[in-house]
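Each value in this text was obtained by applying a stated rule to the coordinates, not by laboratory testing. These numbers come from a predicted model, not from an experiment. Quick reminder, even Gly has a Cβ in these numbers, built from the backbone with ideal geometry, and neighbours come from all protein chains shown.
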Amino acid sequence: MSESRGTILIIDDDPFFLKVLSDTFKENGFTVISANDGVEGVKTFLEKSPDAVVSDLVMPRMGGVSTCMEISRLSGGAPPVIVLLTSMFHEAPHEHGAPEMGARVHIPKSTKPVDIVIIVEQLLTRKAYQQV
């Protein structure tokens with residue numbers, strides 16, 4: 001078995017989307033952990049310290065904005081790559097200069113799963129180079 005390319009936490013209350021995105025990340029060499037809502041996602045983040053978090057925007061108990069902001073706060077000076085998925089806009093993925101709504105990158109949920117993986121890969125690579 002080859003070495004993992006990183007650990008990804010996917011937080012989404014849609015079981016079908018969660019499976020499709022998880023399978024796509026696994027097929028591309030990542031270790032995947034998942035959570036069904038923001039409360040579970042924050043708990044899982046604290047337990048597993050993933051390299052990246054991909055969170056849905058609209059979820060029960062704790063929405064994506066609160067989830068991303070809480071994960072960022074709890075991570076201290078070394079936040080993971082945080083991506084927010086939303087079905088509320090259909091524009092191209094957008095990166096912000098500073099985190100907005102808890103994430104630097106917002107991706108439409110309609111984006112192909114493999115493209116989400118590519119974006120996360122690029123963000124992880126950039127983060128690795130910035131730490132050198």
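Figures for the structure shown
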| item | result |
| --- | --- |
| Dipole in debye (nearest 20) - the range 7-131, about Cα centre, beta carbon charges: Lys, Arg +1; Asp, Glu -1 | 260 |
| [x] 18.6, 70; [y] 13.3, 39; [z] 13.6, 43, with the label sought being that of the calculated Rg and Dmax of the Cα atoms in Å | [y] |
| Additional length obtainable on full extension of the chain from Y129 to R5, 0.36 nm per residue less Cα span | 43.1 nm |
| MRE, 222 nm, helices only [DSSP H, n ≥ 4, -39500 (n - 2.57), over the chain, to nearest 500] | -13000 deg cm²/dmol |
| Förster-model FRET efficiency, 25 Å R0, I118 and R61, C-beta, rounded to 0.05 | 0.25 |
| Exposure rule at most 16 other beta-carbon atoms within 10 Å, DSSP loop GluC sites (Glu not before Pro): the chain longest free segment | 4-90 |
| Estimated vicinal HN-Hα couplings, Hz - the range 7-13 in sequence order (Karplus 6.51, -1.76, 1.60; Gly, Pro = x) | 10, 10, 9, 10, 10, 7, 8 |
| Length released on extending from E91 to D13, taking residue separation times 0.36 nm less the Cα-Cα span | 25.8 nm |
